[in-house]
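Notes follow once the structure below has been shown.
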Amino acid sequence: MNDIRPLAMVTGASSGIGFELARQLAERGFDLVINAEDHDRLRAAARRIRQEAGTSVEAVPADLRRYDEAERFYDTVTATGRPVAVAVLNAGVGQGGAFVDTDLADDLEIVDLNVRSTVHLAKRVLRDMAADGEGHVLVTSSIASTVPGSFQAVYNASKSFLQSFAQALRNELKETGVTVTALMPGPTETDFFRRADMEDTKVGRQDKDDPAQVARQGLDALFAGKDKIVAGSLKTRAQGLVNKVLPDRTKAQAHRRMAEPGSGEGSGDASRVEGRP
């Protein structure tokens, strides 16, 4: 790695928003240590970023749901001997369906990856950044953090945790030279809805935001030192404003209409009218 360039670490970087965050950090002059569970896709992502940006990219396949794997990933980062200038804690997974019907193992995977691994890596990286007196952390929350997630109960709750967590850390660290920013995308064109078994829902079938746009807005907010950003299209950002004033029961019912299994079947263009909160 080139010691002249600053170092960034990105989790969940093999595709979607995470890949775009890594790619755009490379374009902005960062060397990278990137992570995802999927070995092949992660290495393919690293090759593409190297070819396009000419930066150094180290790929570390690891299942961050496991304590030892999260430790191994961060040990690889620290083994570079360089301070982390930017940490993007983006790894996450979702699961659609009624809570009484989903597998407990799937629900706990959401908690382990979205919540537990983020807390784990934040503990490691923020102690180092605070000691150095500088650094930026981007936590991928979601606009879903503002909505009770009917038929995505555990996922939305995990994002609510991350939103609160990021804002609390930001306040704690406000005099250390370290900033924490929450990235709040809406429905984005990624593998999320396929992996969450939500392709038959209205939200799964509607038009979605461009992950490159979401990543660009997120990084702009990060380097501007902002506390949070609802990123994506004008429709998504408008939904973020609306969610501030609607009561929870109204938001929960709206989310139900978008996320209930089978809600997208036979809906045609109507599935594209209402955005996911």
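Relative to its residue count, segment 42-83 spans a Cα convex hull of 70 Å³ per residue. Subtracting the Cα-Cα distance of D207 and E52 from 0.36 nm times their residue separation leaves 53.0 nm of extension gain.
Which FRET efficiency value, to the nearest 0.05, do you get for D132 and V242 by plugging their Cβ-Cβ distance into 1/(1 + (r/R0)^6) with R0 = 45 Å?
Numbers: r = 40 Å, r/R0 = 0.89.
E(calc), rounded to 0.05, equals 0.65.
Using alpha carbons only, how many degrees (0 to 90, rounded to 10) separate the axis of helix 234-243 from the longest principal axis of the chain? Orientation of helix 234-243: about 70 degrees from the principal axis.
Go through 37-50, 150-163, 110-123 and give me the packing order, highest mean Cβ count within 10 Å leading.
Ranked by mean Cβ neighbours within 10 Å, highest first: 150-163, 110-123, 37-50.
Which links in K174/K251; K174/K235; K159/K208; K123/K208; K123/K174 stretch past 21 Å when you go from one Cα to the other? Write out the running numbers ahead of the final one.
Values: K174/K251 32 Å; K174/K235 32 Å; K159/K208 19 Å; K123/K208 33 Å; K123/K174 16 Å.
Where the Cα-Cα span goes over 21 Å, the pairs concerned are K174/K251; K174/K235; K123/K208.
Over the chain, with the other protein chains present, what is the accessible area per residue in square angstrom, probe 1.4 angstrom?
Working: 12300 Å² over 277 residues.
Accessible area per residue: 44 Å².
Sorting 135-146, 62-73 by their mean Cβ neighbour count within 10 Å, with the most densely packed peptide first, gives 135-146, 62-73. Other residues whose C-beta falls under 15 angstrom from the C-beta of A131 contribute a net charge of -1, scoring Lys and Arg +1 and Asp and Glu -1.
Add -39500 (n - 2.57) for each DSSP H run of 4 or more in the chain, then divide by its residues: what number comes out at 222 nm, to the nearest 500 deg cm²/dmol? Spell out each step's value before the answer.
Values: 11 runs with 125 residues, N = 277.
It lands at -14000 deg cm²/dmol.
Regarding the chain, what whole-number volume in Å³ per residue does the convex hull of its Cα atoms give? Here the figure is 120 Å³ per residue.
Set the Cα radius of gyration of segment 113-270 against 2.2 N^0.38 Å, with N its number of residues, and you get 1.10.
What is the calculated FRET efficiency for T250 to D101, with r their C-beta to C-beta distance and R₀ = 22 Å, to the nearest 0.05? Before the final figure, lay out the partial values.
On the way: r = 24 Å, r/R0 = 1.11.
The computed FRET efficiency comes out at 0.35.
Would you mind getting the Kirkwood hydrodynamic radius of segment 34-121 from its Cα pairs, rounded to one decimal in Å? Each step should come with its number before you reach the end.
Details: mean 1/r = 0.0689 Å⁻¹.
Evaluated on segment 34-121, it is 14.5 Å.
Roughly speaking, to the nearest percent, how much of the chain's 1.4 Å accessible area is carbon and sulfur?
Values: 5860 of 12300 Å².
For the chain, the apolar C and S fraction of the accessible surface comes to 48 percent.
The values are calculated or read from the model by the stated rules, or taken from the named source; none is laboratory data. As the structure is a computational prediction, the values presented were derived from the model and not from experiment. We place every Cβ from the backbone using ideal geometry, glycine too, and count neighbours over all the protein chains shown. Side chains are part of the model used for accessible areas, which takes the heavy atoms of the whole protein and leaves out ligands, DNA and RNA. Shrake-Rupley method; radii C 1.70, N 1.55, O 1.52, S 1.80 Å.
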